[in-house]
1. Counting only residues 5 or more places away or on other chains, whose amide H sits under 5 Å from the amide H of residue 324 once H atoms are built in the peptide plane?
2. Please give the contour-minus-distance gain from residue 244 to residue 99: 0.36 nm per residue of separation, less the Cα-Cα distance, rounded to one decimal in nm.
3. Could you state how much accessible area residue 111 has, in square angstrom rounded to the nearest 10, with a 1.4 Å probe and all protein chains kept in place?
4. Would you work out which of 69, 170, 296 lies farthest towards the positive end of the dipole of the chain? Charges go on Cβ: Lys and Arg +1, Asp and Glu -1.
5. Work from the charge dipole of the chain (Cβ charges, +1 for Lys and Arg, -1 for Asp and Glu, about the Cα centre) and give the residue of 78, 148, 310 farthest towards its positive end.
6. Step through the residues of segment 90-100 one at a time and calculate ³J(HN,Hα) from phi using the Karplus curve (6.51 cos²θ - 1.76 cosθ + 1.60, θ = phi - 60°), rounding each to whole Hz and writing x for Gly and Pro.
7. Between the DSSP loop rule and a limit of at most 16 other Cβ atoms within 10 Å, which trypsin sites (Lys or Arg not before Pro) in segment 149-235 are left?
8. Could you tell me which trypsin sites (Lys or Arg not before Pro) in segment 245-318 are loop residues by DSSP with no more than 12 other beta carbons within 10 angstrom of their beta carbon?
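The values are calculated or read from the model by the stated rules, or taken from the named source; none is laboratory data. If you're wondering where the values come from, they're calculated on a predicted model, not measured in any experiment. Cβ placement follows ideal geometry from the backbone for every residue including glycine, while neighbour counts extend to all protein chains displayed. All accessible areas refer to the heavy atoms of the entire protein, side chains included, with ligands and DNA or RNA removed. Shrake-Rupley method; radii C 1.70, N 1.55, O 1.52, S 1.80 Å.
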Amino acid sequence: MSFRASLVAILVGFLALLLVPATLRPAVAQEGSLFTVPNLHVDATGASSTEALNAAIAQGRARAFQILYRRLTRQADWARQPPLDGASLLRLSRGYSIANERRSTTRYVADVTYMFNPEAVARLLRASQIAFSQTQAHRILVIPMSPGVGHGPWAQALMSPSLREGQVPFTVLAPEEDVALAGLNFDAAGWSDVAAVAGKNRVTEVALVQAVYAGGKMTVNIRRLGATEQPTKTSVEVPMTGTVGTTYPVAAQAAARAMEDLWKTRTSIDFSQRGRLTVDVRVASLAQWGAIQTALAATGNVTGTTVTAMTTGYARMNLTYQGGLEQLHEALSGAGLSLNNRGGQWMLAPSRQ
């Protein structure tokens, strides 16, 4: 067989693979962190050392699942957590690891990391008709305002180490960057007003987090600005715990939860909703095309792909997906792909680094 014939055969075989609808699942690395609950302290007693161990692990698994459930779902759905017995929780488990173990003949104490099976958890939540997010949030930049930009007690509260382990990782604007945002208006600011500091911090999303004290109460206002997104806003009232200064740490925790809920509202997938989208892809090389297919396979709410046309440097695909179009856009972004509408036609491409 000639070299040319061999190349044609390879390309035909490659295209045939692309025409088969993909069975898609979340990326392994993402699953590992998102569905793992680390360092949960357990302490239980029993008639024997073994009974104490089993009781401690079982009690910790129930607490770990509640943490996981709240991590994946919106706060409005927390009261809908499915009630599960020990056997049901065990079927969701992928295992656990133990650290700092101490035991006696009747007591067991340890720090336990629990791993849950992403597919089993997803099946449970889908069956319960509970929308959930299965993507890892990107780091964002938080700009503290009280009510204007500044690095007083409010900024210090947002920089607390206790807020670093949240679902939405964030960096607080550095004090030396305040001058670049002097006069920033919370309600009127757009992406162009924060693009420079966002670029310096290597983020594509900024949250203006404003604490306002008035009428004996504190309100935290959050306004999300994205490079390619429409601004979104939310507010939460925080009960006073004495003075304004002593209330700031509580308000910072409320702000972190509100940012998580704002993100989950965009990414939580309603699996009873389904859609189909035709996208065009510009193909620079076979390697790039393969990378796009791999990225699609890492997008949890994409359920199938079919190539409907392909020529040199161009492909048209049908994507089937669960949830809404906004959730699809967010999930693809998390997998390293950008989805944009240009003149009525959707374009899919690798995200710019």
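1. Result for residue 324 returns 270.
2. Difference between extended and current length: 48.2 nm.
3. Solvent-accessible area, nearest 10 Å²: 40 Å².
4. 296
5. Value computed over the given set: 310.
6. 5, 5, 8, 7, 9, x, 7, 10, 10, 9, 6
7. Sparse-neighbourhood loop trypsin sites (Lys or Arg not before Pro): 164, 202.
8. none
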